[in-house]
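Enquirer: There's a structure below that I have some questions on.
The values are calculated or read from the model by the stated rules, or taken from the named source; none is laboratory data. Predicted, not measured: the structure shown is a model, and the values here were computed from it. In this analysis, Cβ positions are derived from the backbone assuming ideal geometry, glycine residues included, and neighbour counts consider all displayed protein chains.
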C-alpha cells in the first residue's frame, strides 16, 4: 500500500522487534489462557468463544512456524519454537500445508452448507470460506 516491496516487508520488517512484541502479545498461550479463565469466571459466552478461538489458533499455529517462530509463552519466557514445518515457506513444506488447509476449509464449508438449510447461513459460511481461500490464491500469485 505504501509502495514497500513485499520482500522488504516479509524479509526485513517482519523481523523487527516492534512486530515481535505484537506477535508475543497476540500469540501467547499464557495471556489468552488467563483471558479464557476470566471469561469462564464471568460466564461471558462471547468472551469464552473469542478466547477459545484464539487458543485454538495458537495451538494450530505453534507447530507451523519455521524461522519465524513465535514467543508462545510470553511474558513468562521469550523462548520460540522453531518447527521444521512452515505454513508458508515452501522450502519447509509450506505448499503442502497450504493445500491441506485449503482442502480442509473447502470440506468444512461443504459440510456447513449441507447442514444449514437457511440461505442466509449458507451465504455466511461461503463468505467466510472465500475470506480464507481467496488470500491463498493471492499469496500464490505473489510468492
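Enquirer: When you go through (1) assigned by TED's automatic domain parsing to the domain that holds residue 32; (2) in a helix (DSSP H, G or I); (3) modelled with pLDDT under 90 one by one for residue 63, which number turns out not to apply?
Expert: Evaluating residue 63 over (1) assigned by TED's automatic domain parsing to the domain that holds residue 32; (2) in a helix (DSSP H, G or I); (3) modelled with pLDDT under 90 leaves (3) as the failure.
Enquirer: If you don't mind, there's one more thing I want to ask. Got a sec? Which of 47, 39 is surrounded by 18 or more Cβ atoms within 10 Å (Cβ to Cβ), out of contact with any strand residue (DSSP E or B) (no Cβ under 6 Å at 6 or more places or on another chain), without any contact (Cβ under 8 Å) to a residue 60 or more places away in the chain and farther than 25 Å from residue 135 by Cβ?
Expert: When all the criteria are applied, what remains is 39.
Enquirer: Scan the stretch 10-19 for residues that are part of a helix (DSSP H, G or I), at pLDDT 80 or above and surrounded by 10 or more Cβ atoms within 10 Å (Cβ to Cβ) and jot them down.
Expert: Scanning the stretch 10-19 gives 13, 19.
Enquirer: Tell me, please, whether a residue that is outside the structural domain of residue 31 (by TED's automatic domain parsing), surrounded by 14 or more Cβ atoms within 10 Å (Cβ to Cβ) and under 16 Å from the mean Cα position of the chain (by Cα) can be found in the stretch 103-122.
Expert: yes
For (1) part of a helix (DSSP H, G or I); (2) closer than 26 Å to residue 6 by Cβ, each residue gets a yes or a no:
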site: 71; (1), (2): no, yes
site: 76; (1), (2): no, no
site: 102; (1), (2): yes, yes
site: 123; (1), (2): yes, no
